[in-house]
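The structure appears right after this line, and notes come after that.
Every number in this text was worked out from the coordinates using simple rules, so none of it is lab data. Predicted model only: the values in this text are computed from it and were never measured. Neighbour counts are summed over all protein chains in view; Cβ atoms, including those assigned to glycine, are modelled from backbone coordinates with ideal geometry.
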Amino acid sequence: MELNLNRPLAFLDLETTGIKVATDRIVEICIMRANTDGTTQVMTLRINPEMPIPKEVIAIHGITDEDVKDCPTFKQVGHELVRFMENCDLAGYNSNHFDIPLLAEEFYRADIEFDLKGRRFIDVQNIFHKMEPRNLFAAYKFYCGKELVNAHSAEADTVATYEILKAQLDKYHNVSVKDRKGNIVEPVVNDVKALSEFSFSSKWVDLVGHIIYNDTNVEVFNFGKHKGKPVEQVFRNEPSYYDWMMKGDFPISTKKVITTIKLKGFNNDSVKLELF
C-alpha cells in the first residue's frame, strides 16, 4: 500500500561511533525523502566524526577512520541536511529512541537550527513490537497455537516455556541462518550446549553481561566509559575503577568476576573465567 502523505516523510538511518546519544557522533547518514507525489529522493553522506571510531563499532558497520578522514564534518553538511528534510515528518527503525535524538544532538552541537516542533515521528520498530508482541503469551500462541491460561502464574509460565522450546526445535529443524560473521549455520538444534550459545548475543563472563568476552576471548567491559576495553588493562591503568565498582551497586557475580580478573592480572595467570 502506498503511503498517504500530506507532506513529505523522511526515512533516516545513522551509522555512528557508538550508541550514546550525548557523546557519540555520526559517520554515515542516509535519508530517503518520500514526497507527496509518490517520488522519492535519497541522500547518503559519509561524515568525519572528529573522533576515533572504536574497533568494536567498525566490526558492525565496517566504516573505518581512514574511510572518513577526508569527509566533511557534520557542521559542514548540516545546513544541506536541514534543506533536504525541510517540511518533512520523520521515520526510521528505532528512530524515536536513537536516530532522531542523536541527529538532533549533532545539530545542537553544530549550532544549526533544526526545528522538531510540529513534525510527526514514525518508528517502524515500535509498530512491529506493538503489532507482533514478543512476550510469553505471544510466543505460546505463535509456536504452540494455544492460548496461555493463567498467564503470570509461575507454574503456567514454566510449563508454557517448556512447550515453546520443544515447538521451536520442531519449527526450526534444519533451518539455516547467517551468523554475525556471515556464515550459514543451523543454530536451533536439539543440543543444550548449542542452544545455550545461541541464546546469547555475546558471551557473558558475569551473570548480567556487564563483562563479556570479545572476539579474541578477552574479558572486556560491556558498559560505561570503558565499554569494549579489556578489564585487566583498565584496572592496571586506572586502579580506582576497580574500587569504584566494588563499592558500587553491582551484583555479587560481577564483583567476583572483576576480582578474579584483577588477581589474574596481578599473578600473571592466564586461567580463563567461566561462571556458566
Looking only at aspartates and glutamates whose Cα falls under 12 Å of residue 264's and that sit 8 or more positions away or on another chain, we get 219, 232
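If each residue of separation counts as 0.36 nm, what is the full-extension length gain between residue 69 and residue 183 once their alpha-carbon separation is subtracted? Walk me through the intermediate numbers first.
Values: separation 114, 0.36 × 114 = 41.04 nm, distance 3.10 nm.
Working it through step by step, the gained length comes to 37.9 nm.
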Expected unfolding gain across residue 113-residue 4 under the 0.36 nm per residue rule, minus the alpha-carbon gap, is 36.4 nm
Residue 155 and residue 174 label points (each 7 Å along its Cα→Cβ direction) are spaced in nm at 3.9 nm
Once both label points are put 7 Å beyond Cα along the C-beta direction, the residue 243-residue 165 separation in nm becomes 4.4 nm
Per the C-alpha gyration tensor (a ≥ b ≥ c, the square roots of its eigenvalues), segment 203-267 is rounded if a/c is under 1.5, else prolate if a/b beats b/c, else oblate; here it's rounded
Helix-only [θ] at 222 nm, the chain, -39500 (n - 2.57) per DSSP H run of 4+, per residue, nearest 500, equals -11000 deg cm²/dmol
From the cross-link list 229/262; 130/178; 225/262; 229/255, the entries with a Cα-Cα span beyond 24 Å are 130/178
Expressed in µm² per second, the diffusion coefficient of segment 112-263 from the Stokes-Einstein equation, with Rh the Kirkwood radius over alpha carbon pairs, at 10 °C and 1.306 mPa s, is 81 µm²/s
Length-normalised contact order of segment 81-185, Cα under 8 Å, at least 6 apart, in percent, tallies to 20 percent
Expressed in angstrom and rounded, the centroid-to-centroid distance over alpha carbons for segment 135-184 and segment 52-91 is 39 Å
Computed over the chain, the relative contact order (Cα-Cα under 8 Å, seq sep at least six) in percent reads 10 percent
Candidates for Rg/Rh (Cα atoms, Kirkwood Rh) are (i) 1.16; (ii) 1.03; (iii) 1.07, and the calculated one carries label (ii)
In terms of the alpha carbon gyration tensor, root eigenvalues a ≥ b ≥ c, rounded if a/c is under 1.5 and otherwise prolate when a/b exceeds b/c or oblate, segment 9-128 is prolate
Simple spin-label estimate for residue 194/residue 76, 7 Å along Cα→Cβ, in nm, reads 5.1 nm
Projected onto the charge dipole of segment 139-198 (unit charges on the beta-carbon of Lys, Arg, Asp and Glu, signs +1, +1, -1, -1), the Cα from 185, 139, 169 with the largest positive-side position is that of 185
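Take the Cβ-Cβ distance between residue 252 and residue 39 as r, set R0 to 51 Å, and report the resulting FRET efficiency rounded to the nearest 0.05.
It comes to 0.30.
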